[in-house]
Amino acid sequence: MATKTAEGAGTETGAQHDETVAETAVTEEAQAPEQRETGEETAAAEPRRASGVGQGAGAVVSAALGLVSLNGGWVGTVASARAQLMGQLKTSSQAGVAQQIKAVYGDAWHATALWAGLFAVAALVVGVAVLARPAFGAPGRPQAPWIKSVAWGGVALGVVGLLLAALKYSDALLGLPSAG
């Protein structure tokens, strides 16, 4: 008997639920068609707003590339080690001291400077692209201040990295010692 009571209670609850659903459907149908259309038109008329995630990511990438240009990064270190090894293999033991220094250390120093300069140029390009993006985007949609700040930081780091790379490559900054 306990089973029949539970089944009966379940039926009554189900009937009440059906009545509630029916009342909701009638209430929705009773709304004026103008109200429903206005709501749909408003949703369709609102333009989709860009979140700025791409610009923010670009700004962060620009700053990261600027930092890598200052410290050389892994690629610069590998290129430097390769240039050093190639210099050791190319020079003979009978070569002069100046030639050995240039081949072993100078070429490695220039390889590091070259890669640092490439990262600095990449930081500059990405940072300037992020800063210039609002000019080609939706008018009246300002760029978030943090995106501008980080992009300007990336551009500044790129300029400093490019300057240091040029000074290292030209031997104006920490040039090779003279052999004689």
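The values are calculated or read from the model by the stated rules, or taken from the named source; none is laboratory data. Since we're looking at a predicted model, the values are computed, not measured. Note that each Cβ is placed from the backbone with ideal geometry, even for glycine, and that neighbours are counted across all protein chains shown. Ligands, DNA and RNA are stripped out before the accessible areas are found, and what is left, the full protein with its side chains, is counted by its heavy atoms. Shrake-Rupley method; radii C 1.70, N 1.55, O 1.52, S 1.80 Å.
When each of the peptides 64-74, 79-89 is scored by how many other beta carbons lie within 10 Å of its residues on average, the order from highest to lowest is 64-74, 79-89. Length gained on full extension, ALA57 to ASN71: 2.9 nm, using 0.36 nm per residue less the C-alpha separation. Once all protein chains are placed together, VAL160 keeps about 70 Å² accessible to a 1.4 angstrom probe. Under a 5 Å amide H cut-off, with hydrogens placed 1.01 Å from N, LEU173 pairs with LYS168 among residues at least 5 apart or on other chains. Extension gain, ALA129 to ASP171, is 12.0 nm, computed as 0.36 nm per intervening residue step minus the present C-alpha separation. Counted residue by residue at 0.36 nm each, then reduced by the alpha carbon distance between them, the extension gain from VAL97 to SER178 reaches 28.2 nm. Model label points for MET86 and VAL121, set 7 angstrom from Cα along the Cα-to-Cβ axis, are 1.8 nm apart.
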